[in-house]
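Working notes for the structure below.
The values are calculated or read from the model by the stated rules, or taken from the named source; none is laboratory data. Nothing here was measured: the structure is a model prediction, and the numbers come from that model. Here the Cβ positions follow ideal geometry from the backbone for every residue, glycine too, while neighbour counts run over all protein chains shown.
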Amino acid sequence: MRVSKKAASFTESVIRDMTRLAIKHNAINLAQGFPDFAAPEEIKEAAKRAIDADINQYAITWGAKPFRDAIAEKFARTYGVAVDPETQLCVTCGSTEAMMSAALAVIDPGDEVVVFEPFYENYGPDAILSGATPRFVTLHEPDWHFDVAELAAAFNERTRAIIINSPNNPTGKVFTRAELEQIAALCQKWGVVAITDEIYEFMTYEGTVHIPLITIPGMEDRTILINAMSKTYSVTGWRVGWCISSPELTSGIRKVHDFLTVGAAAPLQEAGVVALNLPDAYYTALGDQYLERRDLMLNILEGAGFKTYKPYGAYYIMTDCSSLGYDDDVTAARSLTETIGVASVPGSSFYKEPELGRTKLRFSFCKKLDTLRAAGERLSRLQK
Ligand code: GLN
């Protein structure tokens, strides 16, 4: 039997595929972005306590009350902006479900969605499944800036949403206030909703500051902010995320979410209360540790002959591997995994036109320093 035209129109995730290849060849997995180190002890303890306390049945579909309160309080502490946990929050199964629920809640078939390119691969299927046509706007190398005229040209009366991922995967770009204001002006001009994937919120480097678009005046009622516990608390397998948006948008998202998944894991939401209440020192330490990993990985990659694009946020490094002599990015990624023992993600999976990513590979550095050093040793064989 055939599958739907929708399901047939996109491929399996290249990122997840590279993880399977890494496991098969016992390679160090610098492909998929998940930490290989432990989550904070107090969060793990809280999850165990919640199960022992029999918090094992459905939470309220849009999120357990204590967890929504903790998210709202944390947002107010960090950005000085109030969020009503009763009407402006929807807890989801990771940011992946949050993105999909947000897209399905605001997009109708035939609408257009603006997406910056290179982009995290999920946004392609997100657009297709919600019936939208994506309009790609280039982030130009080497600093990944966009051209305002090119961005403006992507908007029209069919535009319904724009997806912004800052700090950005895969480039490490952190959108500046000026850039966000340009985006905000276009959203307001065309009546567009901004869906902002802010999952790398606390990974910014060298004084770079993350600004949620929803805090820019005029954007509070037209932004859906997406985040999750996954990256900030090193629990990507827990699948606990959330959306923050106006009451009107939130009510649409909550309905979609309810019928997609009912709700996120109840005991893990309890642990989320402990996580969201960690002191500021936790986030400072997180940023410092990632900075050290970034710098180590930049050195390793440059030493191994890659051209690197220095990231100012998130935990990936885009590279150019033309000088290594492979035919294309997919061959390079597979060969590095199979023969050198280090997995990465082929650059083409971040572009609509695969040709644009043919010389690129993305490496994750959300790993123990020892893991990165071991990868460095393997990669140094490239020079021999
Ligand atoms: N964001 C991660 C990455 O880009 C992957 C997340 C996932 O696989 N769900 O590698």
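None of Thr19, Thr11, Thr61 is closer than 30 Å to Leu379 by Cβ, in contact (Cβ under 8 Å) with a residue 40 or more places away in the chain and hydroxyl-bearing (Ser, Thr, Tyr) except Thr19. Kindly indicate whether Asp370 is over 28 Å from Tyr283 (Cβ atoms) and out of contact with any helix residue (DSSP H, G or I) (no Cβ under 7 Å at 6 or more places or on another chain). For Asp370, the condition - over 28 Å from Tyr283 (Cβ atoms) and out of contact with any helix residue (DSSP H, G or I) (no Cβ under 7 Å at 6 or more places or on another chain) - is not met.
Here is a check on your reading of the model: is Ser348 surrounded by fewer than 24 Cβ atoms within 10 Å (Cβ to Cβ) and either touching a helix residue (DSSP H, G or I) at 6+ places or on another chain (Cβ under 9 Å) or part of a strand (DSSP E or B) (or both)? Give the derivation first.
Working: surrounded by fewer than 24 Cβ atoms within 10 Å (Cβ to Cβ): yes; either touching a helix residue (DSSP H, G or I) at 6+ places or on another chain (Cβ under 9 Å) or part of a strand (DSSP E or B) (or both): yes.
So Ser348 fits the description; yes.
Has region 190-202 got at least one residue that is under 21 Å from Ile107 (Cα atoms) and small (Gly, Ala, Ser)?
Filtering region 190-202 down to residues under 21 Å from Ile107 (Cα atoms) leaves 190-198.
If we keep only those that are small (Gly, Ala, Ser) as well, we get 191, 194.
Among the residues of region 190-202, at least one is under 21 Å from Ile107 (Cα atoms) and small (Gly, Ala, Ser), which makes the answer yes.
The residues of region 359-371 that are crowded, with 24+ Cβ neighbours inside 10 Å and over 17 Å from the mean Cα position of the chain (by Cα), listed by number, are Lys360, Leu361. Condition check for Arg49 on (1) without any contact (Cβ under 8 Å) to a residue 60 or more places away in the chain; (2) farther than 22 Å from Ser95 by Cα: one failure, at (1).
Which residues, taken from region 334-346, are away from the ligand (no atom under 13 Å from the Cβ) and either touching a strand residue (DSSP E or B) at 6+ places or on another chain (Cβ under 7 Å) or of a type in the set (S, T, N, Q) (or both)?
If we filter region 334-346 for residues that are away from the ligand (no atom under 13 Å from the Cβ), which is where we start, we get 334-342.
Selection gives Ser335, Leu336, Thr337, Thr339, Gly341, Val342.
In region 353-383, the qualifying residues are those that are among the polar types (S, T, N, Q), under 22 Å from Ser323 (Cβ atoms) and outside any loop (DSSP other than H, G, I, E, B), and the one that is modelled with the highest pLDDT is Ser364.
Of all the criteria given as (1) outside any strand (DSSP E or B); (2) more than 17 Å from the chain's Cα centre (by Cα); (3) closer than 19 Å to Ile199 by Cβ, the one not satisfied by Glu157 is (3). Taken over region 4-57, the criterion of being more than 14 Å from the ligand (Cβ to nearest atom), within 16 Å of Gly237 (Cβ to Cβ) and aromatic (Phe, Trp, Tyr) is satisfied by Phe37 alone.
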